[in-house]
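Reading through the structure tokens given below for one structure.
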Amino acid sequence: MSFELFIARRYLTARQKQAFISVISLISILGVGLGVASLIVVVGVMHGFSTELRDKILGINAHMVAAVAGGAMHDYRLLMEKAEAVPGVVGATPFVYTEVMLSSARGVKGVVLRGVDADSAGRVLALPREMIAGSLDDLGAPGLFPGIIVGRELADRLGLSLGDTVNLMSPAGKESAAGFSPKVKTFTVCGLFRSGMYEYDSTLAYVSIPAAQELLGFKRDIVTGLELKAADVDAVDALAPAVRTALGGPPVFVRTWIDMNGNLFKALRLEKTAMFVILVMIVVVGSFSIITTLVMLVMEKTRDIAILMSMGATPAAIRTIFMLQGAIIGLVGTALGFVLGLGLALALEKYQFIKIPGDVYPMDHLPVKLDWPDLVIIGATSLALCFLATLYPARQAAGLKPVEALRHE
């Protein structure tokens with residue numbers, strides 16, 4: 001053990017008149033620890049919330065959507081092959097998108113209707129994994145009426161279960177002598193899904209592409225566009241131009257999940273940054289306690305410092321002693337904060353004892369996801385603030401004049 005570290009450790013030990021200083025040191029450690037623990041939990045919750053939200057959005061939606069102006073894509077099978085040939089694209093599926101009125105014996109609800117291809121949708125969407133009743137393959141099963149898959153919330157609202165029939169009314173009707181008449185088609189509920197997002201579970205319905213084309217009165221085999229899955233969800237911005245080029249360029253346009261949900265995730269990142277800055281203030285308060293502790297210790301140990309300097313201790317050694325004291329307080333406080341913060345975050349993740357309303361938020365519990373870069377930034381920030389807090393007291397201690405300090409002894 002070095003001379004400086006030995007003296008620093010002894011000065012932090014409670015002895016007689018130093019007991020009050022040691023209490024302040026303990027308060028400093030607790031202040032830093034609570035600040036670090038709060039940072040870990042809140043940043044973990046914010047990261048978990050954004051990750052959970054992203055996964056749920058990408059479970060229902062694709063990573064990229066390729067469409068054309070007017071919403072009528074011809075030769076989509078050829079375009080699927082071209083899209084899947086682009087490096088970084090792992091799957092493609094066609095879709096038909098429209099909004100219709102769904103009616104049952106229990107009520108009427110406006111829904112977003114999506115026509116999907118059961119053979120290729122599983123390579124792009126997470127819908128097959130989110131089915132709680134029935135199967136995606138049931139959309140094309142033979143029967144009196146074509147099949148439809150609805151969200152669990154929508155089924156509960158309209159009192160639907162497997163085998164029930166519903167009517168879909170499309171705005172694409174036709175003119176007759178009696179005026180405009182919308183097209184109505186009957187479907188059989190063949191499946192229920194639950195994504196965990198109330199907005200999707202209460203407004204989405206799926207049918208096969210041929211059924212959607214017939215409902216909308218398409219005269220040819222056309223679709224609204226293609227949904228694509230990327231190997232890396234964070235690299236879609238760089239991948240989109242290559243996909244657009246492969247599909248022939250204009251009038252084809254490609255939108256990514258970042259484009260379609262950009263404002264939401266920017267707001268979440270801003271909230272995460274704001275919470276980080278606010279909670280760092282707790283660590284700053286703890287670091288000010290370190291300044292108080294060291295200043296009082298310098299005043300208490302003026303005579304000891306003078307004796308050490310008269311025995312040959314250099315100002316640099318005295319400065320190192322007090323910087324080491326602050327570093328010890330910061331290191332212990334940061335370690336305590338990591339123990340408390342990681343323990344609470346892991347408990348929240350495992351037991352999920354904090355519940356939130358599922359009809360307001362896209363999940364029913366407080367999600368936590370710990371990210372190592374965030375933990376490193378939190379630890380480095382805490383240690384840096386604690387180190388900066390030692391500079392002024394250490395400089396004051398190193399600037400003492402032995403003769404002046406011992407004159408009145």
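The values are calculated or read from the model by the stated rules, or taken from the named source; none is laboratory data. Since the model is a prediction, treat every value here as computed from it, not as a measurement. No Cβ is skipped: glycine too gets one built from the backbone with ideal geometry, and neighbour counts run over all protein chains shown. Remember, those area values only see protein heavy atoms, side chains included, never the ligands or the DNA or RNA. Shrake-Rupley method; radii C 1.70, N 1.55, O 1.52, S 1.80 Å.
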Selection status of ASP156, open to solvent by 30 Å² or more (accessible area, probe 1.4 Å) and of a type in the set (D, E, K, R): yes
Residue that is without any contact (Cβ under 8 Å) to a residue 40 or more places away in the chain and not charged (D, E, K, R), where the choices are ALA141, ALA155, ALA211, ALA126: ALA155
Residue match in region 361-378 (condition: at pLDDT 85 or above, out of contact with any Asp or Glu (no Cβ under 6 Å at 6 or more places or on another chain) and under 30 Å from THR314 (Cα atoms)): no
Verdict on ALA327 being in contact with a Phe, Trp or Tyr (Cβ under 7 Å, 6 or more places away or on another chain) and open to solvent by 30 Å² or more (accessible area, probe 1.4 Å): yes
Test for SER38: is it open to solvent by 20 Å² or more (accessible area, probe 1.4 Å), hydroxyl-bearing (Ser, Thr, Tyr), modelled with pLDDT of 80 or more and over 21 Å from CYS386 (Cβ atoms): no
Number of the exception - VAL166 against (1) more than 19 Å from VAL223 (Cβ to Cβ); (2) assigned to a helix (DSSP H, G or I): (2)
Pick from region 139-163, criterion touching a Gly at 6+ places or on another chain (Cβ under 9 Å) and either part of a loop (DSSP other than H, G, I, E, B) or farther than 21 Å from TYR97 by Cβ (or both), ranking: modelled with the lowest pLDDT: ALA141
Index of the failed condition, LEU239 passing every other in (1) surrounded by fewer than 19 Cβ atoms within 10 Å (Cβ to Cβ); (2) within 30 Å of MET46 (Cα to Cα); (3) at pLDDT 90 or above: (1)
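So that you can scan it fast, the table gives a plain yes or no per residue for (1) in a loop (DSSP other than H, G, I, E, B); (2) acidic (Asp, Glu); (3) within 30 Å of ASP304 (Cβ to Cβ):
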{"position": "ALA327", "(1), (2), (3)": "no, no, yes"}
{"position": "GLY330", "(1), (2), (3)": "no, no, yes"}
{"position": "LEU342", "(1), (2), (3)": "no, no, no"}
{"position": "LYS350", "(1), (2), (3)": "no, no, no"}
{"position": "TYR361", "(1), (2), (3)": "yes, no, no"}
{"position": "VAL368", "(1), (2), (3)": "yes, no, no"}
{"position": "ILE378", "(1), (2), (3)": "no, no, no"}
{"position": "THR381", "(1), (2), (3)": "no, no, no"}
Every pair of residues 6+ apart whose Cβ atoms lie under 9 Å, when the first sits in region 338-355 and is of a type in the set (Gly, Ala, Ser) while the second is surrounded by fewer than 14 Cβ atoms within 10 Å (Cβ to Cβ): ALA347/PHE353
Residue identified as modelled with pLDDT of 90 or more, surrounded by fewer than 18 Cβ atoms within 10 Å (Cβ to Cβ) and assigned to a helix (DSSP H, G or I) among LEU30, LEU78: LEU78
Residue within region 317-324 that is open to solvent by 50 Å² or more (accessible area, probe 1.4 Å), over 19 Å from GLY33 (Cα atoms) and without any contact (Cβ under 8 Å) to a residue 24 or more places away in the chain present: no
Conditions (1) closer than 30 Å to GLY91 by Cβ; (2) open to solvent by 70 Å² or more (accessible area, probe 1.4 Å); (3) modelled with pLDDT under 80; number of the one not met by MET260: (3)
Residue list for region 54-75, filter: outside any strand (DSSP E or B) and crowded, with 20+ Cβ neighbours inside 10 Å: ILE60, ALA62, HIS63
Single condition VAL368 does not satisfy, out of (1) open to solvent by 30 Å² or more (accessible area, probe 1.4 Å); (2) among the β-branched types (Val, Ile, Thr); (3) under 28 Å from the mean Cα position of the chain (by Cα): (1)
